[in-house]
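The values are calculated or read from the model by the stated rules, or taken from the named source; none is laboratory data. It should be emphasised that the depicted structure is a prediction, and the values quoted were computed from it without experimental measurement. FYI the Cβ positions are ideal-geometry reconstructions off the backbone, even for glycines, and counts take in every protein chain you see.
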Protein chains: 2
Amino acid sequence: MKLAEAKLQFIASWGAFGTHWGINRTMAQVHALLMVSAEPLSQDDVMEQLNISRGNVNMNVRELIDWGLVDRVILPGERKEYFTAEKDIWKVARLIIKERKKRELDPMLKLLDQLENVDGDKKDKHVKQFTDTVAGIKRFGQQADKMLDVMVKADEHWFVGSLMKFFK
Amino acid sequence: MKLAEAKLQFIASWGAFGTHWGINRTMAQVHALLMVSAEPLSQDDVMEQLNISRGNVNMNVRELIDWGLVDRVILPGERKEYFTAEKDIWKVARLIIKERKKRELDPMLKLLDQLENVDGDKKDKHVKQFTDTVAGIKRFGQQADKMLDVMVKADEHWFVGSLMKFFK
DNA sequence: TCATTCTTTCAATAAATTTTGAAAATTCAG
DNA sequence: CTGAATTTTCAAAATTTATTGAAAGAATGA
């Protein structure tokens with residue numbers, strides 16, 4: 001397979017992958033493009049390679065920068081901004097875990113805390129089912145939280161070494 | 001907080017949560033409703049409690065059944081079908097992991113295998129960046145795959161016991 | 001400063017997704 | 001079988017989300 005074709009396939013499928021994870025298809029495609037590009041790209045490069053508008057590139061690149069997945073770089077002698085993506089997939093994973101934990105898991109746990117204290121007879125079947133479910137999810141979430149914290153802080157080599165040994 | 005209010009909040013936020021994970025909001029809400037309901041609900045019950053149409057309930061419940069998260073139950077003496085959700089959050093997590101692995105991770109790994117073999121000079125900067133990125137993602141994916149397999153097969157108690165001990 | 005190049009914004013538009021509801025299909029008791 | 005109860009389907013409508021592109025804003029260097 002030719003490089004150009006392979007790139008296109010990779011970008012397309014990374015985009016499709018993204019949509020299953022609540023990420024906008026184009027954002028995932030821009031990310032994919034930058035990950036497989038050896039050199040930093042400008043807005044115009046991205047526009048051309050993905051066939052999307054300037055505004056769209058701008059929005060999605062900004063979002064990727066917010067996530068810490070992409071950096072602006074200034075090339076000497078150039079007026080334009082260029083962009084480059086973090087290429088170490090473990091760092092990428094850690095950045096994503098960190099952000100999603102902050103944006104989703106932490107607020108969910110906070111809410112569950114509140115919901116555990118509903119008024120009414122704890123013996124009531126309906127109250128009991130609700131509090132049991134909420135408590136179960138909370139406990140699960142707290143364990144996930146702990147585990148993800150370790151991952152986020154972990155150095156790759158330690159992590160791969162010990163965790164993967166653990167998992168046979 | 002009153003039970004009814006707490007239920008509504010839980011359902012709303014579980015729905016919002018779902019949208020961040022590529023799941024349709026209503027499907028997540030139906031799931032939430034069934035998880036906190038002590039007794040099985042009929043289509044009409046779900047329609048009424050979530051204010052959605054019959055067709056919508058039908059579609060989303062069917063999807064939840066496909067995922068293994070919801071079961072049909074027949075109440076003796078009743079003509080209607082009733083629905084009930086798996087309430088053990090660990091089982092829920094394992095079912096979700098299993099399905100998503102099959103639907104997303106496995107096909108992605110297959111694709112990456114193919115993309116690793118691009119034509120051209122391995123010394124070429126652009127070819128190298130592409131193959132390195134793809135290889136890195138593939139390795140990461142394989143490790144995730146192994147880890148998730150263990151989780152899916154694990155019995156909860158073993159799992160919580162050993163993994164959580166591992167994560168301090 | 002000014003003219004030029006580049007970046008950002010955002011209202012309008014387009015596209016994708018979700019929801020509805022009525023009709024068709026199915027089920028089942030009598 | 002018959003017909004009432006229930007479930008399923010799916011085209012059309014509504015809603016949500018993503019994209020465009022032109023105009024406004026910033027940055028740069030002469």
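Laid out as a table, the results:
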{"quantity": "When residues of segment B:30-81 are limited to those that are more than 9 Å from DNA strand D (Cβ to nearest atom), small (Gly, Ala, Ser) and surrounded by 12 or more Cβ atoms within 10 Å (Cβ to Cβ), the one nearest to the other protein chains (Cβ to nearest Cβ)", "calculated": "B:38"}
{"quantity": "Among (1) surrounded by 15 or more Cβ atoms within 10 Å (Cβ to Cβ); (2) within 14 Å of another protein chain (Cβ to nearest Cβ), the one test that residue A:103 misses", "calculated": "(1)"}
{"quantity": "Any hit, segment B:77-96, residues being of a type in the set (Ser, Thr, Tyr) and under 24 Å from residue B:36 (Cα atoms)", "calculated": "yes"}
{"quantity": "Only one of B:78, B:39 that is more than 13 Å from DNA strand C (Cβ to nearest atom) and not in a helix (DSSP H, G or I)", "calculated": "B:39"}
{"quantity": "Residue B:123, sole failed condition from (1) of a type outside the set (Gly, Ala, Ser); (2) without any contact (Cβ under 8 Å) to a residue 40 or more places away in the chain; (3) within 16 Å of DNA strand C (Cβ to nearest atom)", "calculated": "(3)"}
{"quantity": "Residue B:98 being of a type outside the set (Asp, Glu), under 22 Å from the mean Cα position of the chain (by Cα) and assigned to a helix (DSSP H, G or I)", "calculated": "yes"}
{"quantity": "Qualifying positions in segment B:1-36 - in contact with a Phe, Trp or Tyr (Cβ under 8 Å, 6 or more places away or on another chain) and not in a helix (DSSP H, G or I)", "calculated": "B:21, B:22"}
{"quantity": "Output for segment B:82-91, where each listed residue is buried (at least 16 other Cβ atoms within 10 Å of the Cβ) and under 16 Å from residue A:130 (Cα atoms)", "calculated": "B:84, B:85, B:86, B:87, B:89"}
{"quantity": "Every residue from segment A:10-29 that is within 18 Å of residue B:138 (Cα to Cα), of a type in the set (S, T, N, Q) and within 8 Å of chain B (Cβ to nearest Cβ)", "calculated": "A:13"}
{"quantity": "Residue check for residue A:64: at pLDDT below 95 and within 14 Å of DNA strand C (Cβ to nearest atom)", "calculated": "no"}
{"quantity": "Unmet criterion (only one of (1) closer than 21 Å to residue B:115 by Cβ; (2) touching a residue at least 12 places away in the same chain (Cβ under 8 Å); (3) within 21 Å of the chain's Cα centre (by Cα); (4) assigned to a helix (DSSP H, G or I)) for residue A:109", "calculated": "(1)"}
{"quantity": "Residue under evaluation residue B:83, criteria (1) touching a Ser or Thr at 6+ places or on another chain (Cβ under 8 Å); (2) within 13 Å of DNA strand C (Cβ to nearest atom); (3) over 18 Å from residue B:99 (Cβ atoms), criterion not met", "calculated": "(2)"}
{"quantity": "Extreme residue, nearest to residue B:135 (Cα to Cα), among residues of segment A:5-29 that are surrounded by fewer than 16 Cβ atoms within 10 Å (Cβ to Cβ) and within 14 Å of DNA strand D (Cβ to nearest atom)", "calculated": "A:12"}
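Rundown of residues vs (1) modelled with pLDDT of 90 or more; (2) hydroxyl-bearing (Ser, Thr, Tyr); (3) farther than 30 Å from residue B:5 by Cα, yes/no style:
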| position | (1), (2), (3) |
| --- | --- |
| A:121 | no, no, no |
| A:124 | yes, no, no |
| A:130 | yes, no, no |
| A:137 | yes, no, no |
| A:147 | no, no, yes |
| A:150 | no, no, yes |
| A:156 | no, no, yes |
| A:160 | no, no, yes |
| A:163 | no, no, yes |
